[in-house]
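The values are calculated or read from the model by the stated rules, or taken from the named source; none is laboratory data. Keep in mind the model is a prediction, meaning the values are calculated, not measured. In this analysis, Cβ positions are derived from the backbone assuming ideal geometry, glycine residues included, and neighbour counts consider all displayed protein chains. These accessible areas exclude ligands, DNA and RNA; they are computed on the full protein's heavy atoms, side chains included. Shrake-Rupley method; radii C 1.70, N 1.55, O 1.52, S 1.80 Å.
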Amino acid sequence: VSFDLVGVIQSGLGDYGQYEAAARLNLRDRYFPVVELGVGHADADDVDSGLRYKTSAPYGRVGVDFNVLRNKHDVNRVYVGGRYGYTSFKYDVDGTAVKDPVWGDDVEYSYKDNSANCHWLELVAGVDARIWGPLRLGWSLRYKRKLTAKDPAIGKAWYIPGYGRYDDRIGGTFNVIIEL
């Protein structure tokens, strides 16, 4: 069982982040099927455009890691793997009122409950090391590639829960792991 700290730190320091936990099964110290579940959220204001973006939704990833160390039964692990991820979410975009060039009225810019979803793949490389007893620490780097994304008529979502910002390709985790 593990918990990601990168998403929590992103949440505290930035406009978006996530809370994520994972369950990974150890099959003969070589194969590690994994399920990752979390909630991603964003609450961002863009000073230049005057837009505000807000979302919060669950996501999930499923995959497998392979221990690539020669000594498979070492207490430390180096692994490569893959994940399939999916989320379905709604988001709000609000902006400052704009002046209608014909009628001169102020027109509100507000789109609520825009439905979107995304399927993606991740290539994963990482390490984890035993610290003490069942406690382990580890990190991973991830290359992400969207398979499909259903966007509403107003355009692409700025942030996708579990994936990151729409055009992100690289991500990472820092995990606290309890090996049962």
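Okay, here's what the table says:
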item	result
Percentage relative contact order, region 1-142, counting C-alpha pairs under 8 Å, at least six apart	17 percent
Separation of alpha-carbon centers, region 48-66 and region 82-138, rounded to whole Å	3 Å
For the chain, calculated [θ]222 nm from helices alone, where every DSSP H run of n ≥ 4 adds -39500 (n - 2.57)	-1000 deg cm²/dmol
Fully extended contour minus Cα-Cα distance, from Asp74 to Tyr19, at 0.36 nm per residue	16.8 nm
Solvent-accessible area of His119 with every protein chain in place, 1.4 Å probe, in Å² to the nearest 10	50 Å²
Sparse-neighbourhood loop sites, trypsin sites (Lys or Arg not before Pro) in region 9-57 - DSSP loop, at most 10 other Cβ within 10 angstrom	Arg28
Net charge, Tyr79 excluded, C-beta distance under 9 Å - Lys, Arg +1, Asp, Glu -1	-1
Unsatisfied cross-links (Cα-Cα over 23 Å) in the set Lys90/Lys146; Lys54/Lys156; Lys72/Lys146; Lys99/Lys150	Lys72/Lys146; Lys99/Lys150
Of the GluC sites (Glu not before Pro) in region 95-180, those whose Cβ has at most 15 other Cβ within 10 Å and which sit in DSSP loop	Glu179
Formal net charge of residues neighbouring Phe66 (Cβ-Cβ distance under 14 Å; K, R +1; D, E -1)	+4
